[in-house]
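First the structure, in the form of structure tokens, and then the observations on it.
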Amino acid sequence: MPAVKLNAHAVEKPWGRPRLLPSFKAFETAEPIGEIWFDQSGDPELLVKYLFTNERLSVQVHPGDAAAQAAGFSRGKDEAWLILDAAPDSTIALGPRRPVSPDEFRTAAMDGSIVDLLDWVPVKAGDFIYSPAGTVHAIGAGLTLIEIQQNLDLTYRLFDYGRPRELHLEDGAAVSVLRPFAPVPAPEEGDLLARGPKFVVERLEAIERRLHAPKGALLAPITGVGSVDGKRFGAGECWAVTDESCISVPEGSSALLAYPGASRL
């Protein structure tokens, strides 16, 4: 089966913004758009999104496989972010700055001081972060990014800056890692962005390559144009690649390739 271009849809979010990338102009409305999702049929392992932040997202956490499956879901949610654009003061919170006890954590979430407990890391365009399930995190304002994640729509909000949305303190506290964030070690291969426990992400540039793609592999063009199985692609798209898809990314263009598992294709 040849590669398939996925359809996209926009998701309104209170922290989103009305102006997006040129490739998503058709989705712009008077309401703030926070995410662009790429739709797939069935229950795929991975999901790709674009995020556009005008305000901080909630302080949140996602369950791992075991906790999610105990709650009736197929899988947990590791996720990763490639920063495409960032305001000069943009940050992402990744875990607490120091180890905290469960009681201190719950109290901090209830009174809002959890924001000060977190380690707010400066980010810039080109940065890549792999965030395993259980990482307490918050994406900051002024960011445009691509998110690659296990396909699970389940977020436990711990604090939401007074927005009128549901919080999930007990469920979230039960799956949170209450010690400083430990980055997933960077792969030695230069074109690999991450070899996480749940998925691998490669950056493709100036390459022609035939894949023996595992089920669920996704191609997300970042800049420029290229082709997959003879079909032209461009930035702001997402493609499901299967079997032995042939990918061409010319010099000056770039794309992400993400696939389940921890082994390189």
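The values are calculated or read from the model by the stated rules, or taken from the named source; none is laboratory data. Fair warning: this is a prediction, and the values are worked out from it, not measured in the lab. We place every Cβ from the backbone using ideal geometry, glycine too, and count neighbours over all the protein chains shown.
Could you check the range 183-234 and list, in sequence order, the residues that are surrounded by fewer than 16 Cβ atoms within 10 Å (Cβ to Cβ), under 20 Å from Ala80 (Cβ atoms) and of a type in the set (Asp, Glu)?
Glu188, Glu189, Asp191
Considering only residues that are surrounded by fewer than 15 Cβ atoms within 10 Å (Cβ to Cβ), without any contact (Cβ under 8 Å) to a residue 40 or more places away in the chain and not acidic (Asp, Glu), which ones fall in the range 89-120?
Thr107, Ser113, listed by residue number.
For residues in the range 239-255 being among the polar types (S, T, N, Q) and not in a strand (DSSP E or B), which is modelled with the lowest pLDDT?
Looking at the filtered set, the residue picked out is Thr242.
Quick one: would you say Asp78 is of a type in the set (D, E, K, R) and over 16 Å from the mean Cα position of the chain (by Cα)?
So Asp78 does not fit the description; no.
Take the residues in the range 208-228 that are closer than 17 Å to Gln40 by Cβ and more than 18 Å from the chain's Cα centre (by Cα); name whichever of them is modelled with the highest pLDDT.
Step by step, filter the range 208-228, then rank; the result is Val228.
Which condition does Glu31 not pass, out of (1) within 26 Å of Pro164 (Cβ to Cβ); (2) part of a strand (DSSP E or B); (3) touching a strand residue (DSSP E or B) at 6+ places or on another chain (Cβ under 6 Å), if it passes all the others?
(2)
Return only the number of the condition from (1) of a type in the set (A, V, I, L, M); (2) within 19 Å of Leu169 (Cα to Cα); (3) buried (at least 21 other Cβ atoms within 10 Å of the Cβ) that Ile146 does not satisfy.
Of (1) of a type in the set (A, V, I, L, M); (2) within 19 Å of Leu169 (Cα to Cα); (3) buried (at least 21 other Cβ atoms within 10 Å of the Cβ), only one is false for Ile146: (2).
Is there a residue being of a type in the set (Val, Ile, Thr) and in contact with a strand residue (DSSP E or B) (Cβ under 8 Å, 6 or more places away or on another chain) anywhere in the range 94-111?
No - not one qualifying residue is present in the range 94-111.
So for the range 161-178 (the condition being within 21 Å of Lys13 (Cβ to Cβ), basic (Lys, Arg), over 14 Å from the mean Cα position of the chain (by Cα) and in the same structural domain as Gly34 (by TED's automatic domain parsing)), does at least one residue qualify?
yes
Residue by residue through the range 149-162, note down the ones that are within 24 Å of Ile114 (Cα to Cα) and either of a type outside the set (Asp, Glu) or buried (at least 19 other Cβ atoms within 10 Å of the Cβ) (or both).
Selection gives Leu154, Thr155, Tyr156, Arg157, Leu158, Phe159, Asp160, Tyr161, Gly162.
Restricting attention to the range 64-90, report how many residues are in a loop (DSSP other than H, G, I, E, B) and either in contact with a Lys or Arg (Cβ under 7 Å, 6 or more places away or on another chain) or farther than 19 Å from Phe199 by Cβ (or both).
Number satisfying all stated conditions: 7.
Among the residues that make up the range 126-143, is at least one of them closer than 17 Å to Pro63 by Cβ and more than 17 Å from the chain's Cα centre (by Cα)?
Scanning the range 126-143, I find no residue that is closer than 17 Å to Pro63 by Cβ and more than 17 Å from the chain's Cα centre (by Cα), so the answer is no.
State whether the residues of the range 181-196 include one that is at pLDDT 95 or above and of a type in the set (D, E, K, R).
Scanning the range 181-196 turns up no residue that is at pLDDT 95 or above and of a type in the set (D, E, K, R).
Which of the strands (runs of 3 or more DSSP E) found entirely inside the range 135-233 contain at least 2 residues meeting this: of a type outside the set (A, V, I, L, M, F, W, C)?
Passing ranges, in order: 143-150, 156-159, 199-204, 207-210, 217-223, 225-228.
Of the residues that sit in the range 62-72 and are more than 13 Å from the chain's Cα centre (by Cα) and surrounded by 18 or more Cβ atoms within 10 Å (Cβ to Cβ), which one is nearest to Ser176 (Cα to Cα)?
The residue in question is Pro63.
How many residues are free of Cβ contacts under 8 Å to residues at least 40 places away in the same chain and under 26 Å from Leu84 (Cβ atoms) when one looks only at the range 145-173?
Total meeting the criteria: 1.
Looking only at the range 121-143, which residues are crowded, with 19+ Cβ neighbours inside 10 Å and among the β-branched types (Val, Ile, Thr)?
Passing the criteria: Val123, Ile129, Thr135, Val136, Ile139.
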